[in-house]
1. Please list, ordered by chain and number, the residues whose modelled amide H lies under 5 Å from the amide H of Leu51; skip anything fewer than 5 residues away on the same chain.
2. Based on the Cα gyration tensor of the chain, what are the three equivalent ellipsoid semi-axes, each the root of five times an eigenvalue, rounded to whole Å and given largest first?
3. Can you give the convex hull volume of the alpha carbon atoms of segment 89-168 per residue, in Å³?
4. Give me a comma-separated list of calculated 3J(HN,Hα) values for segment 133-140, in order, Karplus coefficients 6.51, -1.76, 1.60 applied at θ = phi - 60°, integers in Hz, x for any Gly or Pro.
5. Once R0 is set to 35 Å, what does the formula 1/(1 + (r/R0)^6) return for the Cβ-Cβ distance between Thr150 and Arg86, expressed as a FRET efficiency to the nearest 0.05?
6. Multiply the residue separation of Lys128 and Asn141 by 0.36 nm, subtract the distance between their alpha-carbon atoms, and state the gained length in nm to one decimal.
7. Please get the size of the charge dipole for the chain, origin at its Cα centre, with Cβ charges of +1 on Lys and Arg and -1 on Asp and Glu, quoted in debye to the nearest 20.
8. Using each residue's phi in segment 10-15, evaluate 6.51 cos²θ - 1.76 cosθ + 1.60 at θ = phi - 60° and report the 3J(HN,Hα) Karplus result to the nearest Hz, with x for Gly and Pro.
Amino acid sequence: MSRDSIPAEIRRAVLVEAGHRCAIPTCRATTTEIAHIVPWAESHDHSFENLIALCPNCHTRFDQKKEMDRLAVKMYKHNLGILNNRYGEFERRLFEVLAKSNERVFVLGAAGDLLVANAVKDGFFEDKHVQGMSLDINGDNGFSKSFPMTFTYWVTDAGVEFIKRFSNGNDIA
Ligand SMILES: [Zn+2]
């Protein structure tokens, strides 16, 4: 096998794993290349486990400038697997946004409680039931119900810690 013969299905799986973005949590650029965690010259390993999606910039920082070490990149890969298994797309994006903004409070629209259900279950976000907008339904048969249209969440201390670990490339397992 040559350096360029990464099978198409493995290439696709590596890109899907990272959501077709750079796998470095603080980067997430949309232009991606496939990088070998243990270099091809050393490993001759084109397996899914040894490959990660990086943008050209991060790829150079890792491969040539050695600004990221192999263990760190292995940890980013390991964390991607956990994030994909445990959290939804919306939650993963929210972790990235919060890692950059350091916000401790955020407001979500209708069905926001469903979008962050896993992270709430893990104790990272807390709904303090702030009165927000609601939709009042009154049927002519006497049915009456109020549906919340906004949800306000606090990022807990555990959530801050998790987001920090995720963003720094520490083990989130
Ligand atoms: Zn990058």
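1. Amide H to amide H, under 5 Å and 5 or more residues apart or across chains, Leu51 pairs with Ile37.
2. For the chain, the ellipsoid semi-axes come out as 40, 17, 12 Å.
3. 93
4. 6, 9, 10, 9, 9, 10, x, 6
5. 0.85
6. On the way: separation 13, 0.36 × 13 = 4.68 nm, distance 3.27 nm.
The Lys128-Asn141 span can extend by a further 1.4 nm.
7. Charge dipole of the chain: 380 debye, to the nearest 20.
8. Values per residue, Gly and Pro as x: 6, 4, 5, 4, 5, 5 Hz.
Read the figures in this text as sums done on the coordinates, not as results from a lab. Remember, it's a predicted structure, so these values are computed and weren't measured experimentally. Positions of Cβ are backbone-derived with ideal geometry, glycine not excepted, and every protein chain shown enters the neighbour counts.
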